[in-house]
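Right, one structure below, let's go through it.
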Amino acid sequence: MIDTTVKLPGIHMKNPIMPASGCFGFGKEFSQFYDLSLLGAIIIKASTGERRFGNQTPRVAETSSGMLNAIGLQNPGVDGVIADELPFLYPYKTPIIANVAGSTLEEYSLVAEKLSKSGVHALEINISCPNVKEGGVQFGTDPELAYEVTKQVKKVSSLPVYIKLSPNVTDIVGLAKAVEKAGADGLSMINTLTGMRIDPHTRKPIIANQTGGLSGPAIKPVAIRMIHQVYQEVDLPIIGMGGIETTDDIVEYLLAGASAVAIGSANFKNPNICKELIHELPETLQKFGFNSVKEAVGGAHH
Amino acid sequence: MIDTTVKLPGIHMKNPIMPASGCFGFGKEFSQFYDLSLLGAIIIKASTGERRFGNQTPRVAETSSGMLNAIGLQNPGVDGVIADELPFLYPYKTPIIANVAGSTLEEYSLVAEKLSKSGVHALEINISCPNVKEGGVQFGTDPELAYEVTKQVKKVSSLPVYIKLSPNVTDIVGLAKAVEKAGADGLSMINTLTGMRIDPHTRKPIIANQTGGLSGPAIKPVAIRMIHQVYQEVDLPIIGMGGIETTDDIVEYLLAGASAVAIGSANFKNPNICKELIHELPETLQKFGFNSVKEAVGGAHH
Amino acid sequence: MLREWMTIVTHQQIAHQTYLLELQGEIAGLVDNPGQFVHLQISEQYFLRRPVSIADVSPIKGTITLLYKVMGEGTEALTKKGAGEKIDVVGPGGKGFPMDEINSKKALLIGGGIGIPPLYYLAKELTAKGIEVVSVLGFRSENDLFYLEEFKSLGEVHITTNDGSVGTQGFVTDALPALDTIETYFTCGPTVMLKNVKEKLDGIPGYISIEERMGCGIGACFACVLETPGGCGKGYVKVCSDGPVFRPEEVIL
Amino acid sequence: MLREWMTIVTHQQIAHQTYLLELQGEIAGLVDNPGQFVHLQISEQYFLRRPVSIADVSPIKGTITLLYKVMGEGTEALTKKGAGEKIDVVGPGGKGFPMDEINSKKALLIGGGIGIPPLYYLAKELTAKGIEVVSVLGFRSENDLFYLEEFKSLGEVHITTNDGSVGTQGFVTDALPALDTIETYFTCGPTVMLKNVKEKLDGIPGYISIEERMGCGIGACFACVLETPGGCGKGYVKVCSDGPVFRPEEVIL
Ligand SMILES: Cc1cc2nc3c(=O)[nH]c(=O)nc-3n(C[C@H](O)[C@H](O)[C@H](O)COP(=O)(O)OP(=O)(O)OC[C@H]3O[C@@H](n4cnc5c(N)ncnc54)[C@H](O)[C@@H]3O)c2cc1C
Ligand SMILES: Cc1cc2nc3c(=O)[nH]c(=O)nc-3n(C[C@H](O)[C@H](O)[C@H](O)COP(=O)(O)OP(=O)(O)OC[C@H]3O[C@@H](n4cnc5c(N)ncnc54)[C@H](O)[C@@H]3O)c2cc1C
Ligand SMILES: Cc1cc2nc3c(=O)[nH]c(=O)nc-3n(C[C@H](O)[C@H](O)[C@H](O)COP(=O)(O)O)c2cc1C
Ligand SMILES: Cc1cc2nc3c(=O)[nH]c(=O)nc-3n(C[C@H](O)[C@H](O)[C@H](O)COP(=O)(O)O)c2cc1C
Ligand code: FES
Ligand code: FES
C-alpha cells in the first residue's frame, strides 16, 4: 500500500492533488464529471472585497504548450462567495483553500478576515495576479510589500496562510524568505508568467488586456527551478503548480521540493484530469521506488 | 516587391533574419546546408577572455515546446575565436555580430576591445547568461551593473553595441532604460528563462549544472510581452528572439516592436530553418498587408 | 456532460474549406437542444479545445454531425483525421435554443458562415414541431455554399454572398424577407452580424447564438463572459454554460 | 549531411520493445562508414531530435536500417509510425568507424543493448574486408535478443544476459573470448560498459562509440562534448561531429 496522504498546515489530504485557483471555479461545474470528495483539497477562485467583472474579452489565447489568460479576477466579491458559492462545497469531504486577492492591504485583510470565519480550511494569498491594473503585481514583486501583506493577513486570520508567489521576479528566494519571516505557513508556487500574443491579422494583442498570464507545460521548467531553489533556502511547505499533466510531472514536483501539487489549466484540456491523476499516482510512485508521497518530497536534494 | 531590408546600427541587412548566438556555432556546420550569404546577419557564439570548457554533460534536456541548455559558455577564448573561427566567415556577404561574455567588467572590456578590431560589424553583449556560476547573471539583473558594463564596453569599442537582456527579471524596462542611458546602440531580447527538469528515475536534475536556460516556442509569449513593453519606453532598435519557428512568428515579433529577429534553438530542429524563413518572409508579409519589414515594426502599438 | 473519445464515422469536404464530421459516441444521446456545442481536442499540439456547434443529431446511429470551416491551425489539423480514428470530445456544452419555450407559427433563421451549422438542427426541430421556417444564409462566395439543399427541404431559403456570386450581394441583413408574419427569429454568426440583425429585427422576439474564445467550455474559468445590460442578474453571463444562445435583450454585444 | 523526409519502407517489432525501421532516401547514399547515425524528428511534439545509429545500409534499395529500443516518450511515439509514412531525418551524422585505417586479421566487437545496432553494419563491412569478426553481445534478458542470426552469419558470437536467461549471466566483460589473437576491438553501449571494456582490453587497439545527449547533432551547439585527457587537441571533442567513435585514449569517459 502506497501512502498518498499529506498533512499540511490546516489541510489533511488523502492525496497531494488539488485543482489550482481559477481553473476550477467553485467546483460546481466539475462535480458533473466526478465526485469532488476524491480530491486531496480544492483551491477555489480568487475572492476580492467587492464583486469584479474582470477584463474585456478575449480573455484567453493559445500558445505553444500553454495558454494566456487575463480573466482579471472576476468574482462575486467575498460576501457573494461565502453566501452563494461555498455552501455547495461544504458537504464534500475535501479541505477547501480559499484564494484571496486585492488591490490594497486593507482589501487583503478584509477578504482574509471574512473567509477565515467562513468554514474554509486555509487561505492562499494571491499576491501575484498579473492581470489586474492596480495592486496584485507589486505585492508579489516587492519583498517588503509581500512581507507586509502576509503580516496583515496573519494578524486577522486564524487559518493557515499560504502565499502564492509570482514567477515574474528576479529573486524568488528573496520573496519566499520575506513571507516566511512575516509568518506564512506555506507557499504556493507558481502563478503565471506574464506573456503576450499578437494576432498578425488584426495586428493587435489577442487578449483584450494586452498581456496575460502564461500557464501550462510551457512554464513547468521555470516552476521546478523556482521550487528547487526555494526548498533549499526556506523552511515552509510548498504547493507546487505549473503545467502538471501527468503523474510523472507530479513526481518531478515532489522531488523538487513540493509537498503537494495543484492542477491548473490541464482541467480545461481534460475535465477528469484530477480524478485520473489521483487514480494513477500510487502506481507511478511505486514505479519510481517510493512507498509514500512524503518519501519523494525534496528527493532531488539528497 | 516586398522590401525586406533592415538597417540597424552597424548592420545593413538583406532581410531581418539571423541565427541567434550559441545556436549556430561559428557558422561552419550550417554552411554544409546552405550558403551563409543568404542570412540577414549572423550572431556567433559567445567569446570570453580565456578559453572555457563549460559545464559537465548532460548539457541539454527536452521540455514541452522547448529545451533547456547549460553549455556554460564553452568557447576557445577571444583570441582563438579571432584567429581560428572568424576567418571562415569573412568571405560571406553577411554582417557578423560577435557575442561577448565575461565574469568581470574587465573581461567584458577586454573581449569587446579585441573583437572591435577583428573585422566584425557589431557586438552583442551577453549580460544574461544564466549558465555560468559567477558574473553573467548579476550584470543582467541589476540595472546599475548593466549600466556599468555597457558604459565600459562602449568606451573601448568603436562598433555598435547591442545589449542582450535577460528575461529573468522583475522589471525588464528598468534594465533596458539603464543600458540605453549608458549608450547602448540596440537591444537583443530575450535570452533564456532559467529552468530545471528532474528525472524521476535518477531523482536528479537532468542537466549536470542543475539549472539550464529555457528556449523554444514555450518562451515566445514572454519575449513578445517584454519587447512590447520595452518598445514603448525605450528608443533603441530591438533584435527579437525566443521560440521563432515560422514567418508568422516573425511578423508577431515585428509587430511587437522588434526591428529584426534571431532564430535560436529552431536551428536544431531544422538546420535549414533560416534559409526557409528568409525564402517565405516576403509572401507572409504580403499576406498580412505589408510592403516592407519596416512597415510592420511596432505595428501593434499604433 | 461527458468527456469521451468519439469515433469518426464520416469526414468529408463539402465546400471550400468546409468539412462535415460525423462522430459516434454517448454524447450523441445527451444532446438536449439545437444550439449546443462540443469542445474538440484536436491533438496534443493544441492546448485549448475548439468549440464546434452540433449541426445535427442522429439518435438511431448514435452520432452527431459537425460542420466546420478551416479558420486557423487547429481546424486545419482537424481535416487530417480520417474515418475510424477517435477524437477527444467534451460535450454537449451549453444550453442551446430552448425548444420547450418556443411556440410560434413562423420562424426566421439567420445564419452567417460558421454560424449556419447549428441552425440546421434547429430548423429540423422547429419543422418537427410544426413551425414554418424561413432561412437567410450568408456566405462569402459561391464556393463556400453548403447544406443548401438540406435547408431548402425544410422551408424557404434566401442566400447572400459577399461577392454576389450567388443570391443577393451583401450581408444577411440585405436579404431579409417580409417580417410581418415572423413570430420569432434565431440567429448565429459573427458578432458584427448579430448586432445588425438585433437592430433590424428589434421588436420581434429572438434568440442569438454567440461565439467567444473559450478556456474550459464548461463554465468554470470565466473566459467567455458577456456583460448584461444594466448589470442584470449577476451582471454577466457565460457564453459556454449560460449560452451560447441568449435573448438579444439579455446581453451587451 | 542532409535534412530530408525519408519514407518508411519497413517498421516492425523484432524483440521486446525493440523495432526495426527501414528508411528510404538520399541520406542512404551518403553514408561513409559504419558507426554514423541519423537524427530523427519524431513529431512536432518532441522538441529535440533523437540520435539513432545506422545499423545497415542497402545501396541497392537506397535504404538505411535502424534498430531501436523504446526508452522513453519519443521512441514510444516513433513505434506508432507506419510503412509509407514520411519521417524528418538529418544525417548521416558523425564520422563513424574509420574503415580506411583499419587493418587487422581479427576483430572483437562488443555491444551492449542499444549499442549493438551499429556493430552489425560494422561486422558486415569488416568481413567484407576479409577481417574475422568475433562478437560479444549483451542483453537484458532473453526477450530482448535481436539480430543474433545476422551476427552469427558473420562470425563467432557470445551472448550475455543480465538475468542469465540465455548465454552467460552478467555483463559483456564476463564473456570475453581469448584475447590473444584480437588485433582491434570495437565497442558501443552505455558509458559504464565502455569504461569496463576499455579497462579490460587495455593494450589492445580499439574504437569506442559513445552516447551523449544532443542538441543540434551537427557540431554547432556544444551540448555533447567530452573532455580529452590532459586537454589534448582543443581540450574537448564533440560526440556528434568528431565522434561518436573515438579511440579510447582520446577521451575521458
Ligand atoms: C459556441 C461556438 C460554436 C461554434 N461552432 C462552429 C461551427 O459549428 N463550425 C465552425 O466552423 N466553427 C464554429 N465555431 C468557431 C470555431 O470554434 C473556430 O473557428 C475555431 O475554434 C478556430 O480554431 P483554429 O485553430 O482553426 O483557429 P485559431 O485562430 O488558430 O485558433 C486559436 C484559438 O482561438 C480560438 N478561436 C478562434 N476563432 C474562434 C471563434 N470564432 N470562436 C471561438 N473561439 C475561436 C480557438 O478555439 C483557439 O483557442 C464555434 C465557436 C463557438 C464559440
Ligand atoms: C550516437 C547515438 C546513437 C544511438 N543509436 C541508437 C540505436 O541505434 N538504437 C537505439 O535504440 N538507441 C540509440 N541511441 C539512444 C537513443 O538516442 C535514445 O534511446 C533515445 O534518444 C531516447 O529517446 P526517448 O524519447 O525514447 O527517451 P527520453 O528519455 O524521453 O528522451 C529525452 C531526451 O533525452 C535524450 N536521450 C535519452 N536517452 C539518450 C541516450 N541514451 N543517448 C542520447 N540521448 C538520449 C533524447 O534524445 C531526448 O532528447 C543512440 C544515441 C546516440 C547518442
Ligand atoms: C484561467 C485561469 C485563471 C486563473 N485564476 C487564478 C486566480 O484567480 N487566482 C490565482 O491565484 N491563480 C489563478 N490562476 C493561476 C493558476 O492557479 C496556476 O497558478 C497557474 O495557472 C499555473 O498552473 P497550470 O500551468 O497548471 O495552469 C489562474 C490560471 C488560469 C489559467
Ligand atoms: C544551446 C544554446 C546555446 C546558447 N548560447 C548562447 C550564447 O553563447 N550567448 C548568448 O547570448 N545566448 C545564447 N543562447 C541563447 C540564444 O541566443 C537565444 O537568446 C535563446 O535561445 C532564445 O531563442 P530561441 O528560443 O529561438 O532558442 C543559447 C541558446 C541555446 C539553446
Ligand atoms: S469558457 Fe470557461 S467559463 Fe466559459
Ligand atoms: S549536439 Fe550540438 S555539438 Fe554535438
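Derivation of every value follows stated rules applied to the coordinates shown; laboratory data play no part. Quick caveat, the model's predicted, so the values are computed rather than measured. Cβ: placed from backbone, ideal geometry, glycine included. Neighbour counts: every protein chain shown.
Key figures for this structure:
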read-out: For the stretch D:151-167, Karplus couplings with θ = phi - 60° (6.51, -1.76, 1.60), whole Hz, Gly/Pro x; value: 5, 4, 5, 10, x, 5, 10, 10, 10, 10, 10, 4, 9, x, 5, 9, x
read-out: Amide hydrogen neighbours beyond the local backbone of residue D:106, cut-off 5 Å, H modeled; value: D:132, D:183, D:184
read-out: Dipole in debye (nearest 20) - chain A, about Cα centre, beta carbon charges: Lys, Arg +1; Asp, Glu -1; value: 340
read-out: Cα radius of gyration and Dmax for the protein assembly as shown (Å); value: 31.3, 106
read-out: Stretchable slack from residue A:1 to residue A:181, in nm (0.36 nm times residue separation minus alpha-carbon distance); value: 61.0 nm
read-out: Between the stretch A:138-153 and the stretch D:1-67, the Cα center-to-center distance that results, in Å; value: 56
read-out: Exam field: residue B:5 pseudo-label spacings to other copies (7 Å along Cα-Cβ), nanometres; value: 7.5
read-out: Residues with amide H under 5 Å from that of residue B:103, placed H, sequence gap 5 or more; value: B:108
read-out: Under the Debye formula (equal points on every Cα, no solvent term), log10 I(q)/I(0) of chain C at q = 0.08, 0.11, 0.12 Å⁻¹; value: -0.28, -0.55, -0.67
read-out: Sparsely packed trypsin sites (Lys or Arg not before Pro) within the stretch B:65-129, loop by DSSP, other Cβ within 10 Å at most 16; value: B:93, B:117
read-out: Sequence-distant lysines (8 or more away, or on other chains) whose Cα lies within less than 19 Å of residue A:14; value: A:93, A:275, A:294
read-out: 3J(HN,Hα) from dihedral phi, the stretch B:6-12, Karplus parametrisation 6.51/-1.76/1.60, rounded to Hz, x for glycine, proline; value: 9, 10, 10, x, x, 10, 9
read-out: Burial order of peptide ranges A:13-21, A:64-72 (average beta-carbon count within 10 Å, highest first); value: A:64-72, A:13-21
read-out: Sequence of B:254, D:20, D:126 once ranked by neighbouring C-beta atoms within 10 Å, starting from the fewest; value: D:20, D:126, B:254
read-out: Amide hydrogen neighbours beyond the local backbone of residue A:263, cut-off 5 Å, H modeled; value: A:18, A:20
read-out: In range of the label at residue D:141: residues from the stretch D:1-33 whose backbone nitrogen is under 16 Å from the point 7 Å along Cα→Cβ; value: D:15-18
read-out: For the stretch B:22-75 and the stretch A:77-117, distance of Cα centres in Å; value: 50
read-out: Selection from D:71, D:24, D:54 lying farthest towards where the dipole of the stretch D:2-93 points positive, charges on Cβ; value: D:71
read-out: Other copies of residue C:101: label-to-label distances in nm, shortest first, labels 7 Å along the beta-carbon direction; value: 8.4
read-out: Summed residue charge, Cβ within 12 Å of residue C:77's Cβ, Lys/Arg positive, Asp/Glu negative; value: -1
read-out: Axis proximity, chain C to D: residue whose C-beta lies nearest, plus whole-Å distance; value: C:45, 3
read-out: Residue-averaged 222 nm ellipticity for chain D, from DSSP H runs of 4+ at -39500 (n - 2.57), nearest 500; value: -3500 deg cm²/dmol
read-out: Prolate/oblate/rounded call for the stretch B:168-302, Cα gyration tensor, a/c under 1.5 rounded; value: oblate
read-out: Selected from D:42, D:102, D:60 as most flexible by GNM, with chain D as the system and alpha-carbon contacts under 10 Å; value: D:60
read-out: Options D:185, D:162, D:136, ranked by Cα towards positive dipole end of the stretch D:99-209, top entry (Cβ charges); value: D:185
read-out: The stretch C:206-238 versus the stretch D:102-133: alpha-carbon centroid distance in Å; value: 69
read-out: Residues of type lysines that residue C:80 reaches as a straight line, Cα spacing below 16 Å, ignoring anything fewer than 8 places off in the same chain; value: C:69, D:81, D:86
read-out: Choice from A:237, A:87, A:282 showing the highest fluctuation, given a GNM over chain A with Cα pairs closer than 10 Å; value: A:87
read-out: More than 17 angstrom apart: percent of Cα pairs within the stretch D:99-209; value: 47
read-out: Chain A, helix-only ellipticity at 222 nm - DSSP H runs n ≥ 4, -39,500 (n - 2.57), divided by all residues, nearest 500; value: -9000 deg cm²/dmol
read-out: Size of electric dipole in the protein assembly as shown: Cβ of Lys, Arg +1 and of Asp, Glu -1, about Cα centre, debye, nearest 20; value: 920
read-out: Lys, Arg +1 and Asp, Glu -1 on Cβ, resulting dipole of the stretch D:39-194 about Cα centre, debye, nearest 20; value: 380
read-out: Calculated from backbone phi, Karplus (6.51, -1.76, 1.60) coupling profile of the stretch B:296-302 in Hz, x at Gly/Pro; value: 7, 4, x, x, 6, 9, 6
read-out: Fewest-first sequence of B:118, B:37, B:265 by Cβ atoms within 10 Å of each Cβ; value: B:37, B:118, B:265
